[in-house]
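A short worksheet on the structure shown next.
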Amino acid sequence: MTYVDTALLDLTEWCCRKFQLLTGRTNVWLAVQFTNLSIIVYFIWAALYFWKSDLAPRVFVGLFCSGVLYALTQTIFKEPIEAYEDNAYRRVAKGFRNPRRVRDALLRISFLTLSLVLCYPILFVYIHLRVHIALLSYFLIVLTTVVLYLLACDPLPPCAGKVSEWIRGSVPSRVAASEPLLPKRGR
């Protein structure tokens, strides 16, 4: 399974580098966006459970979600994305690889295994038993797997994306628009 993890990690890093060359955004930015998406999916999951339960579970779920939201404001939402990106750039400039490649390997493999093994049972439960929360739970597992792979990649040095350069090139500059339309006369 470590060979599958390494191959998938190399493929993810290649895709992240192509994405960075295209947009100018790093794998760290992409991981933060997927983390935000997983937070939204989590709160939708909690709201669906909250909506269909009795009073005691509602109070427990409400308090638990409030605790999770408070913890998020104290941890993930405290530092801007740029701080994480600058840290990754400094590490790459020194010639160091991402320590998460090795440190999080077992966690990545565990979530990858969960993503693969639970695919059919979750689809079966969703289609035949109409349990919608099972599908949201599976999406949280898949999103966590994607974030773990994104965070283990090394970014390229900062660069402007091809898309932003293309947009800047297609929009006429203000200097050109403010120049007079009449040709200049010679002396």
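The values are calculated or read from the model by the stated rules, or taken from the named source; none is laboratory data. Just so it is clear, the model here is predicted, and its values are computed rather than measured. Every residue, glycine as well, gets a Cβ built from its backbone with ideal geometry; the counts of neighbours run over all protein chains shown. Note: areas computed on protein heavy atoms with side chains; ligands, DNA, RNA excluded. Shrake-Rupley method; radii C 1.70, N 1.55, O 1.52, S 1.80 Å.
Things worth noting here:
- Global geometry of segment 40-136, whether rounded, prolate or oblate, following the gyration tensor of its Cα atoms and the 1.5 cut on a/c: oblate
- Heavy atoms of F124: accessible area, 1.4 Å probe, square angstrom to 10: 90 Å²
- Simple spin-label estimate for T23 and T113 in nanometres, 7 Å along Cα-Cβ: 3.2 nm
- Percent accessible area from carbon and sulfur atoms, the chain, protein chains only, probe 1.4 Å: 69 percent
- Converting the Cα gyration tensor eigenvalues of the chain into ellipsoid dimensions via √(5λ) gives semi-axes, longest first, of 42, 24, 18 Å.
- Per-residue ellipticity at 222 nm, computed for the chain from helices alone with -39500 (n - 2.57) per DSSP H run of at least four residues, works out to -24500 deg cm²/dmol.
- Distance between the pseudo-spin-label points of L156 and I81 (7 Å out from Cα toward the beta carbon): 1.7 nm.
- A simple spin-label model places the labels of Q74 and Q33 3.1 nm from each other, with each point 7 Å out along Cα-to-Cβ.
- For segment 1-134, accessible area per residue (1.4 Å probe, heavy atoms of protein chains only), Å²: 69 Å²
- By accessible area with a 1.4 Å probe, ligands and nucleic acids excluded, highest first: order of L116, L140: L116, L140
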